[in-house]
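Student: One structure coming up, written as structure tokens, with questions to follow.
The values are calculated or read from the model by the stated rules, or taken from the named source; none is laboratory data. Just so you know, these numbers come straight off a predicted model, no measurement behind them. Note that each Cβ is placed from the backbone with ideal geometry, even for glycine, and that neighbours are counted across all protein chains shown.
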């Protein structure tokens with residue numbers, strides 16, 4: 001088995017630690033109730049001691065349990081490699097310009113995925129992985145962007161109106177008479 005990071009929470013000291021992969025592997029060994037070669041069981045005390053060695057500030061049982069339950073999932077090694085490969089390929093496509101990044105479309109997609117995930121998990125009797133705070137931030141961002149676009153359009157229209165207002169009127173021919181018959185004969 002392997003551990004797949006399903007979420008990276010900026011406030012989680014284990015998610016943001018440079019040795020996250022090793023920390024996740026250690027917590028997985030604890031969840032599997034593994035023992036070291038000398039017979040020492042990998043328990044919460046052992047994990048906390050190792051976290052201190054990794055340089056995690058004030059690690060505790062709650063940190064470990066929350067991180068494991070909310071930010072990690074057990075999966076096969078093949079799935080982890082496939083997920084990492086797909087992410088790397090997508091990044092290469094974006095950096096090469098093959099994929100156009102459209103923030104508004106991405107926000108719409110995030111919104112749709114978040115709502116679909118919430119509905120599916122609720123229907124299954126589970127908790128959602130996406131918090132209402134995240135959805136509220138997405139809604140605020142979408143509202144702000146729509147407001148900015150509308151404001152930009154209004155300012156462009158105002159600018160065009162001012163340009164037209166201060167443009168000199170077109171020159172008119174003074175009391176000229178156009179002989180339509182002469183034009184028709186020439187044609």
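Student: Identify all residues within region 70-86 that are part of a helix (DSSP H, G or I), touching a strand residue (DSSP E or B) at 6+ places or on another chain (Cβ under 7 Å) and under 24 Å from residue 121 (Cα atoms); write none if there are none.
Tutor: 71, 79, 80, 83
Student: Kindly establish whether residue 97 is surrounded by 14 or more Cβ atoms within 10 Å (Cβ to Cβ) and either free of Cβ contacts under 8 Å to residues at least 40 places away in the same chain or over 23 Å from the mean Cα position of the chain (by Cα) (or both).
Tutor: The answer is no for residue 97.
Student: Let me ask you something else. Looking for something in contact with a helix residue (DSSP H, G or I) (Cβ under 8 Å, 6 or more places away or on another chain) and modelled with pLDDT of 85 or more - is there at least one such residue anywhere in region 145-160?
Tutor: At the first step, the residues of region 145-160 found to be in contact with a helix residue (DSSP H, G or I) (Cβ under 8 Å, 6 or more places away or on another chain) are 145.
Next, from what is left, pick out any that are modelled with pLDDT of 85 or more: 145.
So far as region 145-160 goes, yes, one or more of its residues are in contact with a helix residue (DSSP H, G or I) (Cβ under 8 Å, 6 or more places away or on another chain) and modelled with pLDDT of 85 or more.
Student: Of all residues being in a helix (DSSP H, G or I) and surrounded by 11 or more Cβ atoms within 10 Å (Cβ to Cβ) in region 50-63, which is nearest to the chain's Cα centre (by Cα)? Just the residue, please. Quick ask: steps written out before the conclusion?
Tutor: Within region 50-63, the first condition is being in a helix (DSSP H, G or I), and the residues that meet it are 50-54, 61-63.
Then keep just the ones that are surrounded by 11 or more Cβ atoms within 10 Å (Cβ to Cβ); that gives 50-52, 54, 61, 63.
Values: 50: 32, 51: 29, 52: 31, 54: 29, 61: 30, 63: 24 Å.
Among them, the one singled out is 63.
Student: Being in a helix (DSSP H, G or I) and under 24 Å from residue 9 (Cβ atoms), is that true of even one residue in region 92-104?
Tutor: Going through region 92-104, the residues in a helix (DSSP H, G or I) turn out to be 92-96, 103-104.
From what's left, under 24 Å from residue 9 (Cβ atoms): 94, 103.
Yes - at least one qualifying residue is present in region 92-104.
Student: Within region 22-46, how many residues are in contact (Cβ under 8 Å) with a residue 12 or more places away in the chain and assigned to a helix (DSSP H, G or I)?
Tutor: Of the residues in that region, 12 qualify.
Student: Further, regarding this structure: Any idea which of 119, 89 is under 30 Å from residue 28 (Cα atoms), in the same structural domain as residue 24 (by TED's automatic domain parsing) and part of a helix (DSSP H, G or I)?
Tutor: When all the criteria are applied, what remains is 89.
Student: Still on this structure, please answer the following. From the list 75, 131, which residue is in the same structural domain as residue 25 (by TED's automatic domain parsing), closer than 30 Å to residue 29 by Cα and either surrounded by 10 or more Cβ atoms within 10 Å (Cβ to Cβ) or without any contact (Cβ under 8 Å) to a residue 60 or more places away in the chain (or both)?
Tutor: 75
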